[in-house]
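Quick notes on the structure that follows.
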Amino acid sequence: MNSKCQRVKLNDGHFIPVLGLGTAVPEEFPRNNLKEIIKIAIDAGFHHFDSAFLYKTEEYVGESIRKKIADGTVRREDIFYTTKVWCNCLRPELVRSSLEQSLKKVQLDYVDLYLMHFPMALKAGEDEFPIDEHGKLIFDTVDLCATWEAMEKCKDAGLTKSIGVCNFNRRQLEKILNKPGLKYKPVCNQVECHPYLNQIKLLDFCKSNDIVLVAYGVLGTQRYTGWVDQNSPVLLDEPVLHRLAKKYSQTPALIALRYQLQRGIVALHSTLKEKHIKENTQVFEFKLTSEDMKVLDGLNRNLRYLPATMFEGHPNFPFSDEY
């Protein structure tokens, strides 16, 4: 089962497993049940867990990780744990305290990767989604370069091994890369990416700057009400995925996952079912032909399941640019 621990090297010398499990779950999902999911995943060989302050799952994920370390299944250094600073904590003076809160919840001495969740600052305070009297989000103006410097300090303090960003477009990445006195480049940019949104131009830009593209929503994302248009097409119903699944004797989900890995992308998948966790470990057991990769490239329709429309109007809204 060691194949599931295949890793790619980040630009700071650390390594990230190419397949990870996302830990965002629907509000109605019992958080305690997540503990069992994480244990099953570790037993199945998964070592990469993607979380965030916003998900409200860190204490449950952390408890399962610590138990698996205690019983000798894994060592801490085998686990790759990611968390993210939310938009109401992007002011430089709040970045470290947000990470310290996450560390307290997960009860680990450090995280492996600390990310800016979005490039859009919201009003600082207790409310994760501060709204005005009209029900609109209250934006904040924060220099992302100053936020990045605060993240660099978290890395220097040993609270995180690596630092990166999420949902940044090319222009926003360039702003960080061109920052005077830049100490550490972002190791990755985590964005929505799947056959209906293949992010080819952003991927090429990231590769040219030694930034790993980490993909969420690789299976078309979980269809969370309020975030995802329920009328949008279901990726795993795509006939091409079903045809290739039959050809390779795999599932449509495995075809979608394999597509990303062969493009040099780190793939995060989210599932709450033991069967799917175990099935998805088979992604390393086959390879798509270059012809079939081109067929999958052809499915792109620039469809964003998570368009973050509530942030439209923010000066740093990232999805208005082509990439």
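The values are calculated or read from the model by the stated rules, or taken from the named source; none is laboratory data. If you're wondering where the values come from, they're calculated on a predicted model, not measured in any experiment. Please note: Cβ atoms are built from the backbone with ideal geometry, for glycine as well, and neighbour counts cover all protein chains shown.
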Report, by residue number, each residue of the range 45-83 that is of a type in the set (S, T, N, Q) and either touching a strand residue (DSSP E or B) at 6+ places or on another chain (Cβ under 7 Å) or under 10 Å from residue 106 (Cα atoms) (or both).
51, 57, 64, 82, 83
Lone qualifier among 122, 99 - being touching a residue at least 60 places away in the same chain (Cβ under 8 Å), of a type in the set (A, V, I, L, M) and crowded, with 20+ Cβ neighbours inside 10 Å
99
When restricted to 64, 3, the only residue in contact with a helix residue (DSSP H, G or I) (Cβ under 6 Å, 6 or more places away or on another chain), of a type outside the set (Asp, Glu) and either modelled with pLDDT of 95 or more or crowded, with 22+ Cβ neighbours inside 10 Å (or both) is 64
Can residue 143 be described as more than 21 Å from the chain's Cα centre (by Cα) and either surrounded by 20 or more Cβ atoms within 10 Å (Cβ to Cβ) or within 24 Å of residue 321 (Cα to Cα) (or both)?
yes
Considering only residues that are in contact (Cβ under 8 Å) with a residue 24 or more places away in the chain and not aliphatic (A, V, I, L, M), which ones fall in the range 288-297?
292, 297
I'm trying to understand the selection: among the residues of the range 137-176, which are of a type in the set (S, T, N, Q) and outside any helix (DSSP H, G or I)?
141, 160, 162, 167, 169
Single condition residue 11 does not satisfy, out of (1) assigned to a helix (DSSP H, G or I); (2) in contact with a Lys or Arg (Cβ under 7 Å, 6 or more places away or on another chain)
(1)
Given the structure, is residue 36 modelled with pLDDT of 95 or more, on the phi < 0 side of the Ramachandran plot and either in a helix (DSSP H, G or I) or surrounded by 20 or more Cβ atoms within 10 Å (Cβ to Cβ) (or both)?
no
I'd like to check something: does the range 44-61 contain any residue that is in a helix (DSSP H, G or I), modelled with pLDDT of 95 or more, among the β-branched types (Val, Ile, Thr) and crowded, with 23+ Cβ neighbours inside 10 Å?
yes
Residue match in the range 205-218 (condition: hydrophobic (A, V, I, L, M, F, W, C), buried (at least 20 other Cβ atoms within 10 Å of the Cβ) and assigned to a helix (DSSP H, G or I))
yes
Sole residue being closer than 25 Å to residue 310 by Cα and exposed (fewer than 14 other Cβ atoms within 10 Å of the Cβ), chosen from 199, 230:
230
Among helices (runs of 4 or more DSSP H) lying entirely in the range 219-308, which contain 3 or more residues that are at pLDDT 95 or above and over 22 Å from the mean Cα position of the chain (by Cα)?
239-248, 290-297
Output the number of residues of the range 103-119 satisfying the condition of being in a strand (DSSP E or B) and touching a residue at least 60 places away in the same chain (Cβ under 8 Å).
3
I'd like to verify a number: residues in the range 19-33 that are buried (at least 22 other Cβ atoms within 10 Å of the Cβ) and of a type in the set (Lys, Arg), how many?
0
Cross-chain or 6+ apart pairs with Cβ under 7 Å, the range 269-286 first and under 15 Å from residue 236 (Cα atoms), then surrounded by fewer than 15 Cβ atoms within 10 Å (Cβ to Cβ):
none
Could you grab me the full set of residues in the range 177-193 that are under 13 Å from the mean Cα position of the chain (by Cα) and either outside any loop (DSSP other than H, G, I, E, B) or under 14 Å from residue 208 (Cβ atoms) (or both)?
188, 189, 190, 191, 192
Per the filter on the range 125-154, residues under 16 Å from residue 97 (Cβ atoms) and either touching a residue at least 60 places away in the same chain (Cβ under 8 Å) or hydroxyl-bearing (Ser, Thr, Tyr) (or both) are 128, 147, 151
